[in-house]
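Some notes on the structure that comes next.
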Amino acid sequence: MRYSCWRMGKSGKWDWVRFMISIVEQVVSWGLVIFGTFTPIYFLFKVLGFSGFQGLTSYIPGNTPLHRLSPMTKLVILVGITLTASSSICWVGALEGLALLPLFYPLKLVRKVAGFSFTQVVGMAWGFAVFTSPSVLSLIFHSYNVVWVFPSYFQYLGYVPELSVQALEYGFQTAMRVWAMLLASSLLLVTTTPTDVMRTLERLGLPESLTLSIMVGMAFVPRVFSTMDESYRLQQLRGEGILNGVKTVYRSVIPVAIFLFRRARITGLSLETRAFGKRRRRLGEVKISRFDLEVMIAVFSFTMIDLVLVAIGVIPAIPFR
């Protein structure tokens with residue numbers, strides 16, 4: 001009788017230990033999800049805010065070498081960086097991103113770009129780490145070291161069952177490739193007016209409806225962030241504190257939606273009034289200087305060399321590191 005009670009007490013003790021371990025696993029798993037998902041977003045708005053997004057997406061007047069370049073040359077640079085970063089090993093994109101960072105110094109955007117780059121790399125690395133299939137990782141790394149196992153129901157959320165060091169490394173490699181593309185796109189936005197981009201795309205033979213859509217997007221995105229920032233600050237003046245940040249952001253979305261619908265209506269009426277779609281000549285012409293040709297040749301040469309090295313196997317390509 002005494003032995004039976006001792007066994008029951010020992011079994012109940014181990015059941016309690018297993019229950020506590022299960023609770024700890026649940027807390028740690030959800031902590032990893034919350035940390036990996038919301039920490040980059042928090043730092044993004046903490047460092048930049050809505051006004052910071054406006055600064056990274058709106059045209060900044062200046063007389064820098066990038067301002068003097070033709071919009072067509074900047075598009076060539078963007079295409080070249082996209083091709084080389086997306087098809088080559090991750091350190092090619094990292095080097096391109098590091099080479100582009102000093103170009104933001106004359107524009108006084110280094111702090112904003114650094115904050116955006118950090119949150120983009122961390123957020124994208126985590127996103128790819130928890131959603132990349134183990135079969136893809138085994139193809140690239142052949143073996144991987146598991147650091148955490150998520151509960152089984154996490155698979156219904158789209159997460160992979162296991163988090164490994166190689167998954168984090170693969171996510172970081174992908175983030176490095178995208179980082180260079182985002183920096184090149186931001187440089188194009190802050191040093192080129194939407195009108196110049198539209199003229200360049202028309203010269204390349206793109207349909208007017210497509211070029212107009214791109215121009216409207218380039219003009220609207222900074223204005224959306226500006227309106228969001230104004231609405232957010234007005235909500236704070238009404239007494240919304242830091243603890244109600246999510247509610248404040250939610251309430252700020254409604255004025256922005258009204259602004260978008262109103263601006264879309266005004267834009268549509270303006271296009272109808274000006275008979276958009278009829279062929280007409282423009283006074284502004286996109287000019288290409290000798291400096292533009294030199295930059296285009298340099299970008300084209302770098303892109304071709306990189307693609308050739310990837311083709312012959314000197315530089316590993318996607319999906320390999």
Inter-site label distance for Ser301 and Ser143 at 7 Å from Cα along Cβ, in nm: 4.5 nm
query: With each pseudo-label sitting 7 Å past Cα toward Cβ, what's the Leu293-Ile21 distance in nm, one decimal?
result: 7.3 nm
- prompt: What base-10 log of the normalised intensity I(q)/I(0) is obtained for the stretch 35-159 from the Debye formula, alpha carbons as equal point scatterers, at q = 0.11, 0.12, 0.18, 0.21 Å⁻¹?
  reply: -0.57, -0.66, -1.17, -1.35
- prompt: Between Phe131 and Glu202, what length comes free when the chain is fully extended (0.36 nm per residue of separation minus the Cα-Cα distance, one decimal in nm)?
  reply: 21.6 nm
query: Among 214-227, 291-304, 171-184, how do they line up from the highest to the lowest mean number of other beta-carbon atoms within 10 Å?
result: 171-184, 214-227, 291-304
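Every number in this text was worked out from the coordinates using simple rules, so none of it is lab data. Since the model is a prediction, treat every value here as computed from it, not as a measurement. FYI the Cβ positions are ideal-geometry reconstructions off the backbone, even for glycines, and counts take in every protein chain you see.
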